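Accompanying notes for the structure given below.
The values are calculated or read from the model by the stated rules, or taken from the named source; none is laboratory data. The shown structure was predicted, so the numbers you read here are calculated from the model rather than taken from an experiment. Here the Cβ is made from the backbone with ideal geometry for all residues, glycine too, and neighbour counts use every protein chain on show.
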Amino acid sequence: MNIAAPMHHPSDAGEATPPSFDPFPLSPPMRAALRAAEYRVPTPIQAATIAPALAGRDVIGAAQTGTGKTAAFVVPLVERLRGDASRGAAATALILAPTRELAEQIFGWTRRLGCGLRSALVVGGVAYGPQVAALRARPSIIVATPGRLVDHLDRRTLGLHDVRIFVLDEADRMLDMGFKPQLDRIMGGLPARRQTLLFSATMPARLGALARMHLHDPVRVAVGQQALPPSRAAQDVYLVDSGAKTPLLLSMVAASGGNVLVFARTKHRTDRVARSLCAAGHTAQRLHSNRSQSQRREALEGFRRGRYRILVATDIAARGIDVAGIGRVINYDLPQTVEDYVHRVGRTARAEATGHASSFAAPEERAQLHAIERHIGRTLPRQTHATGGGDARSSAAPRSSRQTPAGDAYRARGEWEMDTTNGAKGARKRWPRTFGNAGRSRRRRQG
């Protein structure tokens with residue numbers, strides 16, 4: 001099986017999304033659970049994958065974030081487990097996710113759509129005791145992160161011999177985070193006769209070997225354009241010196257309404273940005289891996305319920321934040337990979353809503369910005385900022401930048417001799433580093 005082979009695109013085949021879940025052979029309890037969860041019409045990824053998963057086929061599903069991938073695998077695995085239980089067969093489903101936040105989100109859906117099946121959550125950052133007790137109760141569904149699951153295997157508090165359905169969610173992110181050894185250990189201990197479902201928002205080539213080894217004749221489904229931000233999310237960029245990012249952020253959140261998700265590169269910067277926001281009178285909280293699981297849960301739940309208007313996070317949270325109605329995402333620092341950019345932007349414009357993603361790009365981040373623009377195939381609109389810390393305002397990109405291929409705008413326009421009128425006292429224009437020493441010499445000659 002070649003993961004790089006063409007995937008089935010329902011829209012390419014002229015297939016319409018069913019107007020309801022009625023065409024699927026679902027049990028009355030599942031239909032009632034879907035109604036209670038306000039699922040009326042299946043999303044494209046659900047429409048394309050539920051039927052083969054119900055039939056026991058292995059599935060590779062690729063779709064953008066916020067398109068309902070979680071229900072696409074929870075619904076069929078619950079139905080199949082309930083069928084096994086009615087026949088007296090002992091069966092378990094194991095769902096792996098790369099982060100605690102994503103695992104908790106999936107766990108919540110297994111309870112909402114579980115039709116009475118017992119679930120257990122196995123993640124790091126919390127005590128082992130309650131997890132051991134939950135596993136001893138023989139849950140039908142185990143939702144876990146790889147590291148903590150391997151810990152339980154080492155402690156012999158968990159076995160994999162009853163696993164009949166195995167789900168890998170965001171498998172690409174697991175590989176990015178260095179979980180390949182844990183995945184090999186886990187998948188090597190699973191029964192040979194099982195169903196495997198692999199879902200992700202991106203499907204890079206490096207997943208090919210993993211899929212070839214562990215999936216059998218899978219149904220491959222791709223919905224929408226892969227590895228691109230949601231089309232409903234407006235995107236723009238502010239070219240700003242590193243030292244002026246915080247004043248720009250403060251003025252932007254003061255001028256806009258709604259909740260805001262801010263991404264910073266490191267845990268230290270996340271803490272510092274959150275302190276600056278709180279000092280300016282905003283309700284803000286932070287989310288990163290140095291915080292305990294209870295602190296991370298409180299931050300995310302407080303953001304979801306509106307106790308905190310602003311959440312500042314590292315990329316560890318990009319694929320685990322499922323909060324409806326995030327109006328704006330701000331990339332305080334540009335991410336290191338285009339995949340992380342896609343997932344950051346994907347926190348807004350979810351479930352058919354619209355959203356806005358703004359990025360701050362300092363001169364030293366030009367390589368990341370070039371890579372992002374090459375990936376999305378266009379130059380992001382450049383925005384300016386009012387003098388004296390005023391409101392951020394939109395300005396159309398100059399005509400020359402719109403006619404320049406993505407990634408080349410800086411060299412064509414000397415763009416890092418940029419707008420620094422962002423309220424920082426004594427701010428000076430910087431010569432674009434793209435031009436190197438020759439540019440600095442020419443600037444000296446010009447006085």
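Annotations
- Qualifying residues in segment 298-339 (those that are charged (D, E, K, R) and modelled with pLDDT of 85 or more) - the one farthest from the chain's Cα centre (by Cα): ARG307
- Residues satisfying the stated conditions in segment 57-80, i.e. more than 25 Å from HIS343 (Cβ to Cβ) and either at pLDDT below 95 or not assigned by TED's automatic domain parsing to the domain that holds ARG138 (or both): none
- Considering segment 201-294, there are no qualifying helices (runs of 4 or more DSSP H) wholly inside with 3 or more residues that are among the hydroxyl-bearing types (Ser, Thr, Tyr) and at pLDDT below 90.
- Qualifying residues in segment 295-350 (those that are part of a loop (DSSP other than H, G, I, E, B) and hydroxyl-bearing (Ser, Thr, Tyr)) - the one nearest to LEU277 (Cα to Cα): TYR308
- Members of segment 100-122 found to be assigned to a helix (DSSP H, G or I), of a type in the set (D, E, K, R) and within 25 Å of GLY83 (Cα to Cα), listed by number: ARG111, ARG112
- Answer residue from segment 378-396, given it is modelled with pLDDT of 90 or more and out of contact with any strand residue (DSSP E or B) (no Cβ under 8 Å at 6 or more places or on another chain) and is surrounded by the most Cβ atoms within 10 Å (Cβ to Cβ) among those: THR379
- Test result for ARG111, basic (Lys, Arg) and under 20 Å from GLY159 (Cα atoms): no
- Identity of the residue in segment 3-38, crowded, with 18+ Cβ neighbours inside 10 Å and at pLDDT 90 or above, that ends up nearest to the chain's Cα centre (by Cα): LEU34
- Pairing each residue of segment 124-138 that is within 21 Å of ALA97 (Cβ to Cβ) with any residue that is among the charged types (D, E, K, R) and in a helix (DSSP H, G or I), provided the two are 6+ apart or on different chains, yields C-beta distances under 8 Å for GLY124/ARG100; GLY124/ARG148; GLY124/ASP151; GLY125/ARG100; GLY125/ARG296; TYR128/ASP151; TYR128/ARG155; GLN131/ARG148.
- Whichever residue in segment 263-286 is among the hydrophobic types (A, V, I, L, M, F, W, C) and without any contact (Cβ under 8 Å) to a residue 60 or more places away in the chain and, among such residues, is nearest to LEU334 (Cα to Cα): VAL273
- Selected residue (only one of ASP184, ASP176, ASP162 is modelled with pLDDT under 95, touching a strand residue (DSSP E or B) at 6+ places or on another chain (Cβ under 6 Å) and of a type outside the set (Val, Ile, Thr)): ASP162
- Among the criteria (1) modelled with pLDDT under 90; (2) hydroxyl-bearing (Ser, Thr, Tyr); (3) in a helix (DSSP H, G or I), the one THR49 does not fulfil is (1).
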